[in-house]
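What follows is a set of notes on a single structure, which appears directly below.
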Amino acid sequence: MPSNRLAPLLCVALAACGGAQGVAPPVRSIGTVAPTVTVRQPVRRPLRGLPPAGARPAPLPGTESVIGLTAPDLVRRFGTARLDVWEGDARKLQFVGPACVLDVFLYPAAPGRDPQSTYLDARRASDGKDVDRAACVTALSAARAKP
């Protein structure tokens, strides 16, 4: 009868030695790491070519007569703007003549005030290459003065 007692033990020992076929080994958990999520507030970007808000760069020589003007002043001087773009409290007016294209950027000097021109950018009408800003102001003023 002693062999009847050994049979179950022998079965357990043999089962421990051989692995079951088709069964994947157990997976050890190493823990999970929550992904880092960064929430960013929308960035308000200035219109292309504008200095930072509140910055007052010194006017370039020859452009002093345009810096500080309001939109109605600019329209009286150069005629109707081809483009009038608002972004928040900033504004861009674009004036075009035979010789050049003038972009005038306006910002309010203080909250609640009318925007005033603070920066100019000029390029040739034919190919878009940069030109002297003061020369463009003079050319557009002269074209407007002609009957």
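Taking (1) at pLDDT below 75; (2) exposed (fewer than 15 other Cβ atoms within 10 Å of the Cβ) in turn, residue 128 satisfies each apart from (1).
Taking each residue of region 64-87 that is within 20 Å of residue 146 (Cα to Cα) and looking for partners that are of a type in the set (Lys, Arg) with beta-carbon atoms closer than 6 Å, six or more apart or interchain, yields 78/144; 79/144. When we screen 76, 113 for residues that are under 18 Å from residue 139 (Cα atoms), at pLDDT 80 or above and surrounded by fewer than 17 Cβ atoms within 10 Å (Cβ to Cβ), the only hit is 76.
The values are calculated or read from the model by the stated rules, or taken from the named source; none is laboratory data. In this text the structure is predicted, and so the values were computed from the model without any measurement. So basically every Cβ, Gly included, is an ideal-geometry build from the backbone, and we count neighbours across all protein chains shown.
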